[in-house]
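Visitor: Can you read through this structure? Questions will come right after.
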Amino acid sequence: METTPPRKPIARLLLPQTSLANCLFGTFVRDTRGCNLAINDRFNFFASSPLCGISWFFEGTFHHLQNSNQMDCPSKAPVLPKLCFSGPYEQPQTSWNKGEVNAMVAAFYPDAFSALTGINIADYLNRSVPIEDVLTGELLQLVKDVFRTGDTKPGFQLLERELAPLWQQARPHAPVYGNQVADWARSLGVRAAMSGVGRSTRQIERRFKSWTGHSRRTLNLFAKGEQTFKKARIARAENRFDPAGLAAELGYADQSHMGRQVKDITGFSPAEFMRRYESEEAFWSFRVMGERF
């Protein structure tokens, strides 16, 4: 008697429509229903990030690990709310699924989310909280309506359709970003320098902190980390990966300097990351990010 093999997990990064390009970085989709994943394949590794996000956990649970000690018993880590807001994180994050999941995470540029909601993003740095702690009114209702669709495809369609007019009312005047953090950081630097009455270095830094939760220097480090990932991935695919040469090309002091920054962002040394990134299920978020390049 033939048996149906387990289906493969679905992991995607959905890019936003043009009208939302300065608001949404992209929307991550994760669906492991019917996949029968092993315990270690149910971990989810995420890089530290200047972005913030709204999560819809349509099915299943996500345990948010607070430290590496919880890797041995992830089911004891706190469970994230079904509707959750996460601010920018300065350290890599790990979650774990007890069973099958169907989920969606809309990653927002933090200054755009601040413009939409009026919140100070710095108040949510390194925090994940129930969505009701952050949103009210139309936006809260939209998030709940998306959850009621019960699935990622109709949920994403509803989110884009209803978010676009809200963003048109709130968005600041700025050129359209590319699809990389570096593009956004450069544009943000220009806007911070030209906004408001004061244009001193200190006042510009205050705007960065208020809009993003991070300093301009930290955002530049994120942008450099993104470029490192991009160039390393391309070099690896072309069988010409040279860590020392890559470090020199990107302006690091040396290979060790590059290695420390990669570990700060991903949680892994460059060698370990490149070895595990392509084959281990837990690295799915990095793989879908890499598809943008």
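What follows draws every value from the coordinates through simple rules; no lab data is involved. Note that the structure is a prediction, hence the values are computed from the model and not measured. Neighbour counts are summed over all protein chains in view; Cβ atoms, including those assigned to glycine, are modelled from backbone coordinates with ideal geometry.
Visitor: Which of the following residues is more than 22 Å from Ile10 (Cβ to Cβ), under 16 Å from the mean Cα position of the chain (by Cα) and assigned to a loop (DSSP other than H, G, I, E, B): Gln91, Gln66? Break it down into steps so the answer makes sense when it comes.
Guide: Values: Gln66 fails: under 16 Å from the mean Cα position of the chain (by Cα).
Going through Gln91, Gln66 in turn, the sole match is Gln91.
Visitor: Return the total of residues in the range 152-166 being in contact (Cβ under 8 Å) with a residue 40 or more places away in the chain and either of a type in the set (Lys, Arg) or within 15 Å of Ile54 (Cα to Cα) (or both).
Guide: Step one: of the range 152-166, the residues in contact (Cβ under 8 Å) with a residue 40 or more places away in the chain are 152, 155-156, 159-160, 163-164, 166.
When the remaining residues are screened for being either of a type in the set (Lys, Arg) or within 15 Å of Ile54 (Cα to Cα) (or both), the result is 152, 155-156, 159-160, 163.
Summing the residues that are in contact (Cβ under 8 Å) with a residue 40 or more places away in the chain and either of a type in the set (Lys, Arg) or within 15 Å of Ile54 (Cα to Cα) (or both) in the range 152-166 gives 6.
Visitor: Every residue in the range 72-123 that is in contact with a Cys (Cβ under 7 Å, 6 or more places away or on another chain) and among the hydroxyl-bearing types (Ser, Thr, Tyr), please.
Guide: Of everything in the range 72-123, those that are in contact with a Cys (Cβ under 7 Å, 6 or more places away or on another chain) and among the hydroxyl-bearing types (Ser, Thr, Tyr) turn out to be Ser86, Tyr109.
Per-residue answers, yes or no, for (1) part of a helix (DSSP H, G or I); (2) more than 30 Å from Ser114 (Cα to Cα):
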| position | (1), (2) |
| --- | --- |
| His214 | no, no |
| Arg217 | yes, no |
| Glu226 | yes, no |
| Phe229 | yes, no |
| Ala232 | yes, yes |
| Ala235 | yes, yes |
| Asn239 | no, yes |
| Gly245 | yes, yes |
| Ala253 | no, yes |
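Visitor: Hey, among the residues in the range 257-293 that are among the hydroxyl-bearing types (Ser, Thr, Tyr) and in contact (Cβ under 8 Å) with a residue 60 or more places away in the chain, which one's surrounded by the most Cβ atoms within 10 Å (Cβ to Cβ)? Lay out the reasoning, then the answer.
Guide: Initial filter on the range 257-293 (among the hydroxyl-bearing types (Ser, Thr, Tyr)): 266, 269, 277, 279, 285.
When the remaining residues are screened for being in contact (Cβ under 8 Å) with a residue 60 or more places away in the chain, the result is 266, 285.
Numbers: Thr266: 21, Ser285: 19.
The selected residue is Thr266.
Visitor: For Glu132, are the conditions met, namely being in contact with a helix residue (DSSP H, G or I) (Cβ under 6 Å, 6 or more places away or on another chain) and either acidic (Asp, Glu) or over 18 Å from Gly26 (Cα atoms) (or both)?
Guide: Values: in contact with a helix residue (DSSP H, G or I) (Cβ under 6 Å, 6 or more places away or on another chain): no; either acidic (Asp, Glu) or over 18 Å from Gly26 (Cα atoms) (or both): yes.
For Glu132, the condition - in contact with a helix residue (DSSP H, G or I) (Cβ under 6 Å, 6 or more places away or on another chain) and either acidic (Asp, Glu) or over 18 Å from Gly26 (Cα atoms) (or both) - is not met.
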